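Worksheet: one structure, shown below.
The values are calculated or read from the model by the stated rules, or taken from the named source; none is laboratory data. Source: prediction; values computed, not measured. Cβ placement follows ideal geometry from the backbone for every residue including glycine, while neighbour counts extend to all protein chains displayed. Only protein heavy atoms, including side chains, enter the accessible area calculation; ligands, DNA and RNA are left aside. Shrake-Rupley method; radii C 1.70, N 1.55, O 1.52, S 1.80 Å.
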Amino acid sequence: MIGDRRVIGVIPARAGSRRMIGKNTRMLAGRPMIGWTLAAARASQVLDRIVVSSDDPAVLELAAEMGCPAPFVRPAALSGPDASVIDAVEHALGQVGGDWDYVVLLQPTSPLRRAEDIDAAVSLAESAGAAAVVSVSPLSKPAAFHVQMQAGGGLQAPPDTLVDTYVVNGAVYVARPDRLWRERSFRPEGAVGYMMPVERGWDVDTADEFAACDARLRADTAQEIRGQAT
């Protein structure tokens, strides 16, 4: 809760994946990948309720083990590769019931996102009076490193607008339910960006991205252990 605002977090985790089968439950730095998102959600100071929506029994079991009350089995119609995440979120909130001021979408493919990112994004939505907040990261390389390739292989500098370009990293989406249901988008007109550092903005979709996040999480864990020992 933030002030008197009620906040619900929804973690959608369907079983299928075009590129990485079973990636949500694949072991990542010592825990299933979705476990990192569950841990961040549970550590959040603003989420009043956490809901996991999945058609994968392994995901639902893990969610229950990690203290997420009553995960919801997603209907088959909302479980295919072309299923809308908006429809899945709407189904989950319909199952929970109640009135919510903010709904927070937390995709399990963003294992480096922290509880502080969730809390800061919701706080930004409240302080800015925004229709929605979307987490973004700077480009991994400064604009000066980007080029456009022309016909024949010639290179030229990118448009000046690239200087002000950021990446929607998929880690945190915050929306007001009324706007979400009306516009069917977590990026409606009036959405604002919450800035996350590049190193926390990874969205896992390939084996290489999975390996990079595994290495990053192991390094962070080792650093925490060293810090506790000193």
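Brief remarks on what is shown
- Measuring only protein heavy atoms, the 1.4 Å probe finds ASP214 accessible over about 30 Å².
- In order along the range 137-142, the Karplus-derived 3J(HN,Hα) couplings, from 6.51 cos²θ - 1.76 cosθ + 1.60 at θ = phi - 60°, round to 10, x, 4, 5, 10, x Hz, and Gly and Pro are given as x.
- 3J(HN,Hα) from dihedral phi, the range 96-107, Karplus parametrisation 6.51/-1.76/1.60, rounded to Hz, x for glycine, proline: 6, x, x, 9, 10, 7, 9, 10, 10, 8, 10, 7
- Residue-level accessible surface for ARG182, protein heavy atoms, 1.4 Å, Å²: 150 Å²
- Size descriptor, Kirkwood hydrodynamic radius, that averages inverse alpha-carbon separations across the range 6-131, Å: 14.7 Å
- For the range 127-230, GluC sites (Glu not before Pro) meeting the loop criterion (DSSP other than H, G, I, E, B) and having at most 11 other Cβ atoms within 10 Å: GLU189.
- Here the contact order of the chain, divided by its residue count and restricted to Cα pairs under 8 Å and six or more residues apart, works out to 23 percent.
- Annotation: amide H-H contacts under 5 Å for VAL10 (H modelled 1.01 Å from N, sequence separation of 5 or more, or interchain): VAL51, VAL104, LEU105, LEU106.
- Carbon plus sulfur fraction of accessible area for the range 1-115, probe 1.4 Å, in percent: 49 percent
- Accessible surface, 1.4 Å probe, highest first, among residues PHE210, PHE145: PHE145, PHE210
- Candidates PRO81, PRO159, PRO188, ranked by Gaussian network fluctuation over the chain, Cα under 10 Å, top entry: PRO159
- Among ALA130, ALA215, ALA88, residue whose mean-square fluctuation peaks in a GNM of the chain (springs only between Cα atoms under 10 Å): ALA215
- At a probe radius of 1.4 angstrom, the accessible area of the chain per residue rounds to 50 square angstrom.
- In Hz, Karplus ³J(HN,Hα) per residue of the range 217-230 (6.51, -1.76, 1.60; θ = phi - 60°; x = Gly, Pro): 5, 5, 5, 5, 5, 5, 5, 5, 4, 4, x, 5, 7, 8
- Based on DSSP H segments of at least four residues, each scored -39500 (n - 2.57), the chain has a per-residue ellipticity at 222 nm of -10500 deg cm²/dmol.
- Between ASP82 and SER127, the FRET efficiency estimated from the beta carbon spacing at R0 = 41 angstrom works out to 0.70.
- Listed residues SER127, SER185 arranged by accessible area, highest first, probe 1.4 Å: SER127, SER185
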